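The values are calculated or read from the model by the stated rules, or taken from the named source; none is laboratory data. Owing to the predicted nature of the structure, the values given are computational and were not obtained by experimental measurement. Cβ placement follows ideal geometry from the backbone for every residue including glycine, while neighbour counts extend to all protein chains displayed. With ligands, DNA and RNA removed, areas are computed over all heavy atoms of the protein, side chains included. Shrake-Rupley method; radii C 1.70, N 1.55, O 1.52, S 1.80 Å.
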Amino acid sequence: MKNTMDRRSFLGLTAVGALAAGAGLAGCSPQQQTAAVADDTPAAESGASSGIARKEGSSTKECDVAIVGAGAAGLLAALKLSEAGKSVVVIEKAPSAAMSNFSMCGGPTACETKLQEQEGATVTLDTMFNYMYDFSRSGVNGALLRNALANTGEAVNTMLDLGIEMELMEDTYGVGFRGRHYILSEGEERVAPLVEAIEAAGGEFVFSTAAEKIIMENGEVKGVQTDKGVDVMAPSVVVCTGGFLGGEEMQLDRFNTKVFALGNTLSDGTGINMVLDAGGAWDRNFSVLGNECGAVSAATEGSPFNPDWTNVNEHYGYWLFGGLYTDTAGERFINEEKIAQYPLAIGGEAIIRAGKAYVIMDSDYYEAVKGDGIYAYLGQPESWIAGPEADYYKTTPENADAHLQQAIDEGWALKADSIAELAEKFSLGALEETVEKYNGFCEAGADGDFGKSAPFLKPVKTAPFYIFEYVPSAWGTNGGVKVDSHLRAMDKNNNPIPGLYVAGVDQGSVYSMPYYTNEGASVGLALGTGVYVAKELGA
């Protein structure tokens, strides 16, 4: 670790104070905000089959475009539309734009920006599009992906012009280009230039106000119903409320498991449900921005991070190291090396799929991590691009014993003299057979099941043995309703709903599963869709 800023820059971390939950390597690193504003919206079913009640407002506001959500997409859309002379009202549940995921994220991926040009590292639209479209295996709307990426450069340059400082990051994961722009400010300092520019151009914010329902007449958008008795009437509505990290019911519906929220829980799926209620349809891709700082346990409460971004319990870090992982049956389910290489993208999705996951090791592995560290123990494999930084999350001699005992007392870890004891503790019926087979792969230097490379194959042979149980955690969600290549919400017959647009992570047509491996993709696409939707609406 060179110094604090270098470490924060590598991780995309940004200090967020008392409300912090952390920061993300590859996309959003939002603050935890759990209460703030009451939302009296009736809980809609995930399919909105029962419908959201229409409650006539006691007053109205008239505008050209109503924007629901003051995050990355909402702010950029509002700015571009206001500057183009459109009357805009931004409806935001929180008391300010400084509570959005965008206000605390590490920074966006973008192409053809001023910073890239200045450093002689320009990433062309073709380069970034081809990488991300190939990664998606054509599982996203390709035209929309290109349209969104084509506007990321304008979004970043606009922010730079407003005095929002950024640094162009190195190629953290070896994807072949430098796309990530690390934003140096955070919170109010970050969003204030955008909010002020929007208001100076005539745009209006309605804070501490929750949108409840898209007002429809004869199949066309007429405005937005709010919980304050004000109907914001507009022929065009843009929904961009930040996903559903705070919506447990939607998590269970889409992921079949609960996800521990590291990020903004005000984003609870309300915007998605409003679009579904208005006749919209689900898209197919849903992913999370996983916890690239390690994992959490079922006993975790509050933030799992210390002020220096180490884990509160150092034994959360083993999820990053690529050892032996099993599912709830005690069977391997993934090439663990992939999680070490791409913890936020691949790691987040792997633990979502498993529901719970278990890391098993012997005393040689445990002591090596605590001593020289995982990177040295694996022989410093050149293929592990982020490996030199992984030891930031290792166990340390001064904390290991106390943290292990805490994990055991809380029920998510065990130290035992036999694999059978580990298996019995967590009802992992196949664990002994799995360990025996895995040790054979380690001895042969070749993984016959998943192809994990030899450096990551370390046997589980020397007692005592250790096991750690982890559950899903994430900074945010990607995926929601279906849109076309113009960001228009699509109905169940694949026809656009007149006047209804969805930008940012509330739409599922441009976000892949798993999350893209080029860091900053989530917020980058959100910013790009914000600029793009504004152009579609006449900016």
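Among residues belonging to region 147-172 that are in contact with a Phe, Trp or Tyr (Cβ under 7 Å, 6 or more places away or on another chain) and buried (at least 20 other Cβ atoms within 10 Å of the Cβ), point out the one that is farthest from ASN130 (Cα to Cα). I'd like the intermediate steps shown before the answer.
To start, the set of residues in region 147-172 that are in contact with a Phe, Trp or Tyr (Cβ under 7 Å, 6 or more places away or on another chain) comprises 147-149, 151, 166-167, 169, 171-172.
Narrowing the set further to residues that are buried (at least 20 other Cβ atoms within 10 Å of the Cβ) leaves 147-149, 151, 166, 169, 172.
Numbers: ASN147: 13, ALA148: 13, LEU149: 11, ASN151: 16, MET166: 25, MET169: 20, THR172: 19 Å.
Ranking the candidates gives MET166 first.
Quick grid of which residues meet (1) in contact (Cβ under 8 Å) with a residue 40 or more places away in the chain; (2) farther than 20 Å from GLY322 by Cβ; (3) of a type in the set (A, V, I, L, M):
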residue	(1), (2), (3)
ALA376	no, no, yes
GLY387	yes, no, no
TYR392	yes, no, no
ASP409	no, yes, no
ILE419	yes, no, yes
PHE426	yes, yes, no
VAL435	yes, no, yes
LYS452	yes, no, no
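Taken over region 128-146, the criterion of being part of a helix (DSSP H, G or I) and out of contact with any Phe, Trp or Tyr (no Cβ under 9 Å at 6 or more places or on another chain) is satisfied by PHE129, ASN130, TYR133, ASP134, ALA143. Within region 238-274, the set of residues being part of a loop (DSSP other than H, G, I, E, B), in contact with a helix residue (DSSP H, G or I) (Cβ under 6 Å, 6 or more places away or on another chain) and at negative phi comprises CYS240, THR241, PHE244, LYS258, VAL259. Give region 481-508 a look and list any residue that's surrounded by fewer than 24 Cβ atoms within 10 Å (Cβ to Cβ) and not in a strand (DSSP E or B), or say none. Listed by number, the residues that qualify are LYS482, ASP484, SER485, HIS486, LYS492, ASN493, ASN494, ASN495. Only one of the listed residues (THR395, THR328) is open to solvent by 20 Å² or more (accessible area, probe 1.4 Å) and part of a loop (DSSP other than H, G, I, E, B). That residue is THR328. Look at region 211-223: where a residue is in a strand (DSSP E or B) and a partner is crowded, with 21+ Cβ neighbours inside 10 Å and basic (Lys, Arg), sitting 6+ places away or on another chain with Cβ atoms under 9 Å, you get ALA211/LYS93. Each residue in region 148-192 was checked for being under 21 Å from the mean Cα position of the chain (by Cα), outside any helix (DSSP H, G or I), closer than 24 Å to ALA503 by Cα and of a type in the set (A, V, I, L, M, F, W, C), and 2 of them qualify. Here GLY85 passes the criteria (1) open to solvent by less than 10 Å² (accessible area, probe 1.4 Å); (2) modelled with pLDDT of 95 or more except the one numbered (1).
Here are some residues: ALA402, ALA368. Which one is exposed (fewer than 14 other Cβ atoms within 10 Å of the Cβ) and either basic (Lys, Arg) or without any contact (Cβ under 8 Å) to a residue 12 or more places away in the chain (or both)? Talk me through it step by step, then tell me what you get.
Working: ALA368 fails: exposed (fewer than 14 other Cβ atoms within 10 Å of the Cβ).
Criteria check complete, one pass: ALA402.
Please go through (1) open to solvent by 30 Å² or more (accessible area, probe 1.4 Å); (2) touching a helix residue (DSSP H, G or I) at 6+ places or on another chain (Cβ under 9 Å) for TRP384 and return the number of the only condition it doesn't satisfy. Result: TRP384 fails condition (1) only.
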